[in-house]
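The values are calculated or read from the model by the stated rules, or taken from the named source; none is laboratory data. Predicted model, so just to flag it, every value in this text is computed and none were measured. Counting neighbours? That spans all protein chains shown, and the Cβs are built from the backbone with ideal geometry, glycine included.
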Amino acid sequence: MTTSILLLGESNSGKTHYGAQLLGRLMMRQGVLRMNGAAPTLGPFETALQSLNDGLAAGHTAQATHHDSHWPVIDTSGRAADLYWPDYGGEQVKEILELRRIPPRWRTRAQESDAWIVLVRPGAARPAKDIFSRRLADLRGRRDTPTTFRLSDQARIVELLQMLLYARGVGLKTPLATPALTLLLSCWDELGFADRTQPADVLRERFPMLHDFATSNWCSEALTIMGLSALGRALSAELADNDYVVQGPEAFGYVVHSDGTSDTDLTQPIAQRLT
Amino acid sequence: MAGPCPNTYCYVADGGGCHLGHPDPSDCPEFSKTSPLTESGQTQEAQALSGQVVFPWSGNALNVQDLPFVASRGQPVVVGLFGPHNAGKTTLLAALYLQLGAGKQAASNHRFAGSYTLSGWEALAHALRWSNERPPSFPAHTPAGIRREPGLLHLALRGPDGGLCDTYFADAPGEWFDRWAHERDAPDAESARWLAARSSVLLLVADCEALAGTGRGNARKIMRLMAERVAEARDGRPVALVWTKADVTPPEEIVNAVRQAARTVLADLPEFSVTVAPKGRKDPGYMALLGWILTARTIAYRPPLGVTTVSDPFLAYGR
């Protein structure tokens, strides 16, 4: 039976670079997962991989047309999966949250997928300092006037997951076994954590509400929290990284397992979801 | 934008979800009722929305009419906060949300499991956050406006036994209760009476700052009246006395007078102290209060039976 896996993330979540690096690993058959025949749609991820081969960060091109990538993959044991990226740069996720409607294609993916992999970027989260974490000497006399505001980063991801669960028709009365959920903490290298730092601890520290939402609503067997550094280091969009040019992007990037150990096989987060 | 639905409770035209619970409004028989059909056999409005999922929640505070949506997965608990103007009711709610957002658990070990009013919560809480432009301040006062029912802020919390508790906190303007305290049956106290009748748990909110200030005598009197009103409306439901702005210490005789007045009319009255400015490492008190709310024996709010004709069991019965 083929596992259907949905990959998504907001803009600036590291999705483009992960997609490009993952594509490279799948095509080179380096990891436990490899492309199963010819992928029907590579499109912008292939362009991004070309940038990486030139030692440059992938440029972000807003996708006016909705680009739905589908990659058929297979692991070394012969288990097959379909990977779906319904959204290249994260623009559609932004639209879903702002317009509060899910397009038909997303609804189908939400309903039919066996697992969701969501990229979140702890390094991009705005510091959530409030009156409790950073005291104000005297609050008296200070009264807010209603202004516009933006949902906090973690509230946005919680809302996105709530919307997808509704689109799937799944209630939360009891913790979920399906769809399985992997939270992939991206751009791990920019966080500067010590070796063996566990991703769940990072999620609890940087996105505590999201951590509680996920651990409350998914069975422990159906929830995985991993770290990801797709590039292994920061790349510039203008100045080429010579190591990348010489060794190739396939020599860089790693994932962090739940126990804190690193692994250069970037296909692992997907491979672990195959049944 | 969709056209109006013949169902007067449905706000699909304003970007809301289908009142009968159809994720795709074009499937709803009400929505398709009166408009002329296009060549495809759908109304123009239905065609515009066809295939899209439209959510029955906006993220803002819910109205009473919205309750059946979440009531489908179990009987919700409505928490009414009863206290005079400026007692800190809105700040209490904002602080509660911030504490949960920081990963705190209720004293009953319940954890955050979701909310269908995240925008509503963030609208209150953002005032208490530091930003580049300004330091924290108290949230704006809840406007009285012309609404007769409070906005309801939703929290889903998962208990240690795996059970889910849907809780609604009523954010109501203090002016409602000021009027109700002085004259229970006044026409313009209808909203406070409405809340008193429907809350599953009642919190009597005492403002330590007001009880310590120059108007403390009057503040004490208001609290006595408020306690009497809550006692009249109680009908066996759990009530707690919540001291807000507890970083301020009112004179002991005032505290005792308020406590005595409340306990005279309200038996079994636990007390909680909360503050956004605790001294040193002292606990702000919100998670202890939340733990009590979640474990007090409650009469769950029972919304009026709606007519739901959806075939999706998720909406009709929950899972």
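Is region A:209-224 home to any residue that is more than 10 Å from chain B (Cβ to nearest Cβ) and under 16 Å from the mean Cα position of the chain (by Cα)?
Within region A:209-224, the subset more than 10 Å from chain B (Cβ to nearest Cβ) is A:218, A:220-224.
From what's left, under 16 Å from the mean Cα position of the chain (by Cα): A:223-224.
Within region A:209-224, one or more residues are more than 10 Å from chain B (Cβ to nearest Cβ) and under 16 Å from the mean Cα position of the chain (by Cα).
How many residues are modelled with pLDDT of 80 or more, among the hydroxyl-bearing types (Ser, Thr, Tyr) and out of contact with any His (no Cβ under 6 Å at 6 or more places or on another chain) if we restrict to region B:110-147?
1
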- line: Here the residues within region A:226-253 that are surrounded by fewer than 20 Cβ atoms within 10 Å (Cβ to Cβ) and of a type in the set (Ser, Thr, Tyr) are A:Ser236
- prompt: Exactly one of (1) modelled with pLDDT under 90; (2) under 22 Å from B:Ala288 (Cα atoms) is unmet by B:Ser199. Its number?
  reply: (1)
field: Verdict on A:Asn217 being surrounded by fewer than 18 Cβ atoms within 10 Å (Cβ to Cβ) and either closer than 21 Å to A:Glu112 by Cα or polar (S, T, N, Q) (or both)
entry: no
- prompt: If A:Glu98 satisfies every condition in (1) among the charged types (D, E, K, R); (2) within 25 Å of B:Ala102 (Cα to Cα); (3) within 16 Å of the chain's Cα centre (by Cα) but one, which is the exception?
  reply: (3)
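Being more than 25 Å from the chain's Cα centre (by Cα) and aliphatic (A, V, I, L, M) narrows it down to one residue among B:Val230, B:Val239, B:Val255; which is it? Walk me through how you get there before you give the answer.
Numbers: B:Val230 fails: more than 25 Å from the chain's Cα centre (by Cα); B:Val239 fails: more than 25 Å from the chain's Cα centre (by Cα).
Just one listed residue meets the conditions, B:Val255.
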message: Can you confirm whether A:Ala155 is facing chain B (nearest Cβ under 7 Å), outside any strand (DSSP E or B) and either modelled with pLDDT under 85 or touching a strand residue (DSSP E or B) at 6+ places or on another chain (Cβ under 6 Å) (or both)?
response: no
Matching residues in region B:193-218 - criterion: being touching a residue at least 24 places away in the same chain (Cβ under 8 Å) and within 14 Å of chain A (Cβ to nearest Cβ): B:Asp207, B:Cys208, B:Glu209, B:Ala210, B:Ala212
task: Just name the residue that is farthest from B:Leu155 (Cα to Cα) out of those in region B:106-120 that are at the interface with chain A (Cβ under 8 Å from one of its Cβ atoms) and in a loop (DSSP other than H, G, I, E, B).
output: B:Tyr116
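Need at least 1 residues that are in contact with a Pro (Cβ under 8 Å, 6 or more places away or on another chain) per element, so show me which helices (runs of 4 or more DSSP H) inside region A:175-275 make the cut, counting only ones lying wholly within it.
Values: elements: A:199-206, A:208-217, A:242-247, A:268-271.
Helices (runs of 4 or more DSSP H) meeting the threshold: A:199-206, A:208-217.
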- request: List the number of the failed condition for B:Lys221; all other conditions in (1) surrounded by 18 or more Cβ atoms within 10 Å (Cβ to Cβ); (2) among the charged types (D, E, K, R); (3) within 26 Å of B:Val276 (Cα to Cα) hold.
  value: (1)
